[in-house]
Amino acid sequence: MKTTDIVIVGGGPAGLTAAISAASSGAEVTIFERSPQIGGQLIKQTHMFFGSEKQYASHRGFRIADYLLDELNKYKDKVKIYKNATVLGIYEDGVITVDLDGEYIKMLPKRIIVATGANEKIIPFPGNDLPGVYGAGAVQTLMNVYGVKPADKVLMVGAGNIGLIVSYQLMQAGVEVAAIITDLFITGYHVHASKIARMGVPILSGYTVKEIVGEEQVEKAIIAKIDKQWNIIEGTDIEYDVDAVCLSVGLSPLVELLGQANCELRFISELGGYVPIRNLDYRTTNENIFVAGDITGIEEASSAMVEGYIAGLTAAKDIACIHDDYENKISDYRNQLDGLRSGPHSGRLRQGIEKLMGGNK
Amino acid sequence: MRIENHPILEFKRGNEIKFYFDGEEIIGYEGDTVASALHAAGVRVLGESVFKHRPRGFYCAIGNCSSCLMTVNGESNVRTCITPLKEKMTVEIQKGKGEIL
């Protein structure tokens, strides 16, 4: 059986920083990433990040993936990175199984950090299964990673930051955005919304998708106004001739592996769905398994990176690989998280974390 | 369709890769996934639902949702959105749940 100190599931912002932390503490690390690229969702972020300088604010997301990989490269004797590697299961005896580019392998690590991220939600409406109804993140991947134009004309559903930013990026890729609709109101930063409105894209509040029409794929989107009980108001239809509909209606943490590994989960809607019970060290109720990033609750890449740094330090310490500056680093990262979560946009997030952690934030 | 001009990104396409979609020859590039190459060639219907045979395209593009499963080189249920394109691959629309090898 292959062994290693720490296996990290997921090579996104949280997984990469966890690897940096763990390797700089002296632990041997193996990262498994199911995509053909390392960097998770960072590699498709062409916009400049907000936040603070410590999390690379004002740098474009795809550059941040490069910075993290450069940093990780300093420890290349300790770190193995596998792409096209899907972790299939975590078993009771601590063995993990992986589909590594078609080959089935098993490994017994001392500790596991699960940083699988999140999955885009979908909402129900007739035609939501037609080709051309895409997750907003999926469209971002197609155009920004692979350089493929996702459609000619798009309706964007959802006016959070992802909906707003992806709409702008669609226009940069030469795609027309017919409108952005949202059931309640704009929840993304108004600086993004204003930029899009100035480009002439209507942002309609109080609307939902009534139906998507198409034989083989999306040909037309029909939206309608909703009342306070979320019922469609007759006679308020607006039709758009579009060939794609992007849904940016929230994300949910990818916790399946944790469920299988007997980590206790709790449903907390403010955090996006089922999330693992964890302590301040980001250890789950399975003492050998740690977590970091969106799997702990939907947030920004900036907090995912800080959580990764923490989980890498704590998981390494657990196997007696203690970073020279452990105490200072941990308290700095905890302060950074508090800072990132302190803004006016993070109220719901703070409520969710309060529900999860009680007094132990 | 491929994006040629972009204000921020520069797409460096790799070598051309020839592959087959339901028997038809299609050209993609090194660095593509099966799904991105198909989409660039105008193919958005990647499969059909198991019972009602409704058309299916990709949804998440990160290997999670199973909406893009196709038969690749005879192997069923391949997540084409994260499968790197390779020379002479045969890619087919899958009927039903596919064969388990």
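Observations on the structure shown:
- Residue list for the stretch A:39-62, restricted to those being at pLDDT 85 or above and over 17 Å from the mean Cα position of the chain (by Cα): A:His59
- Test for A:Ile180: is it in a loop (DSSP other than H, G, I, E, B) and surrounded by 16 or more Cβ atoms within 10 Å (Cβ to Cβ): no
- One residue alone among B:Cys60, B:Cys81 is within 19 Å of A:Gly132 (Cα to Cα), under 10 Å from the mean Cα position of the chain (by Cα) and not basic (Lys, Arg), and that residue is B:Cys81.
- Of residues in the stretch B:12-31 being surrounded by fewer than 18 Cβ atoms within 10 Å (Cβ to Cβ) and within 10 Å of chain A (Cβ to nearest Cβ), the one modelled with the lowest pLDDT: B:Lys12
- Residues satisfying the stated conditions in the stretch A:138-153, i.e. more than 21 Å from A:Asn119 (Cβ to Cβ) and crowded, with 20+ Cβ neighbours inside 10 Å: A:Gly147, A:Val148, A:Ala151
- Qualifying residue in the stretch A:293-302 (condition: in contact with a strand residue (DSSP E or B) (Cβ under 7 Å, 6 or more places away or on another chain), assigned to a loop (DSSP other than H, G, I, E, B) and modelled with pLDDT of 95 or more): yes
- Pairs where the first residue, in the stretch A:193-213, is buried (at least 17 other Cβ atoms within 10 Å of the Cβ) and the second is polar (S, T, N, Q), C-beta under 7 Å, 6+ apart: A:Ile196/A:Ser167; A:Val201/A:Ser167; A:Ile212/A:Asn128
The values are calculated or read from the model by the stated rules, or taken from the named source; none is laboratory data. Keep in mind the model is a prediction, meaning the values are calculated, not measured. Positions of Cβ are backbone-derived with ideal geometry, glycine not excepted, and every protein chain shown enters the neighbour counts.
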